[in-house]
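Trainee: Quick one: the structure is below, questions incoming.
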Amino acid sequence: MDEVVVVSWAIWHARNDFVWQKKSWLASNIVTSARNMHDQYKFAQGRKGLLLPPLNDGGRNCEHWIAPVLNKIKVNVDGALFKQEGQFGVGCVARSHHATMV
């Protein structure tokens, strides 16, 4: 069922790309993108409860932010669900190609 949801979302996303940006997707690319996203989701679910790698490991296990191209802005978004409290949180940061916050 979760794969159906992810493919449905990918179709909706492709529809928005077409409506708002005139970008068209091949059906096979939509499905491939959805499957990749689903695989990433399953991998993340398997890591529940695992500690994040330490920040001082020499960068071997850490993701690093990459600046956007000249005159572009990159927005990083993250969210969390707190099941027991029945709450959630969402945050975002927008940075320029100079890595300064916008």
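Trainee: From the set of residues in segment 52-102 that are part of a strand (DSSP E or B) and touching a Cys at 6+ places or on another chain (Cβ under 8 Å), which is modelled with the highest pLDDT? Walk me through it before giving the result.
Mentor: Restricting attention to segment 52-102, the residues satisfying the condition of being part of a strand (DSSP E or B) are 73-82, 87-96, 101.
From what is left, the residues that are touching a Cys at 6+ places or on another chain (Cβ under 8 Å) are 75-78.
Values: 75: 91, 76: 87, 77: 87, 78: 86.
By that ranking, first place goes to 75.
Trainee: Separate question: Quick one: what pairs do we get from segment 66-77, first residue without any contact (Cβ under 8 Å) to a residue 60 or more places away in the chain and polar (S, T, N, Q), second open to solvent by less than 100 Å² (accessible area, probe 1.4 Å) and in a loop (DSSP other than H, G, I, E, B), C-beta under 7 Å, 6+ apart or different chains?
Mentor: Matching pairs, first to second residue: 71/97.
The values are calculated or read from the model by the stated rules, or taken from the named source; none is laboratory data. Model, not experiment: these values are computed from the prediction. Virtual Cβ from ideal backbone geometry, glycine too; neighbours counted across all protein chains shown. Keep in mind that these areas ignore ligands, DNA and RNA; they rest on the heavy atoms of the full protein, side chains included. Shrake-Rupley method; radii C 1.70, N 1.55, O 1.52, S 1.80 Å.
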